[in-house]
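To start, the structure under review is shown below, and the notes come after it.
Only the coordinates and a few stated rules stand behind these numbers; no lab work does. As the structure is a prediction and not an experimental result, all values here were calculated from the model. Methodologically, a virtual Cβ is constructed for each residue, glycine included, from the backbone with ideal geometry; neighbour enumeration extends over all protein chains shown.
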Amino acid sequence: MRSTTSGPETVGRDAARGGQDALPDDPERFTDVYDSYFDAVHGYVAGRLGVETADDVAAETFLLAFKQRAGFDPSRGSMRAWLFGIATNLVARHRRAWAAVGGRTPHVGRHEPRGVPGRGRLLEDRH
């Protein structure tokens, strides 16, 4: 039965119990993870790549987390840390792709160069 409460506290209690719901295999229970952590992950990514790019990267973070949920081990760290690790890797991948086409690390107000599909506006270059 699905809990009527969700949030980091509920997800954390589930992980602490160590049962199947430590990181749920049930797709419907995974929505609790998304609801609990999306804003924090999005804010983290937005601070590094800009708000519009963060939409895609944060969504990709949760897609990868869902696909890799069997690999989550609460004894190695919190779910939040695991999600931020995935997001950090995606931010680095985005920056490498951006640099490969001759761009600099994105900052507010600049458009990204052609050849980097689906990323939208970027933050202005810092000097």
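At-a-glance table
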{"quantity": "Table column - 3J(HN,Hα) (Hz), segment 54-70, Karplus curve with 6.51, -1.76, 1.60, x for Gly and Pro", "calculated": "4, 4, 5, 5, 5, 4, 5, 4, 6, 5, 5, 4, 4, 5, 9, 4, 5"}
{"quantity": "Derived scalar couplings ³J(HN,Hα) [segment 39-46; Karplus, 6.51 cos²θ - 1.76 cosθ + 1.60; whole Hz; x for Gly, Pro]", "calculated": "4, 5, 5, 4, x, 4, 5, 4"}
{"quantity": "Overall dimensions of segment 26-79 as given by Cα atoms, namely Rg and Dmax in Å", "calculated": "11.8, 34"}
{"quantity": "Protection-proxy order for peptides 84-95, 41-52, each taking the mean of Cβ atoms within 10 Å per residue, highest first", "calculated": "41-52, 84-95"}
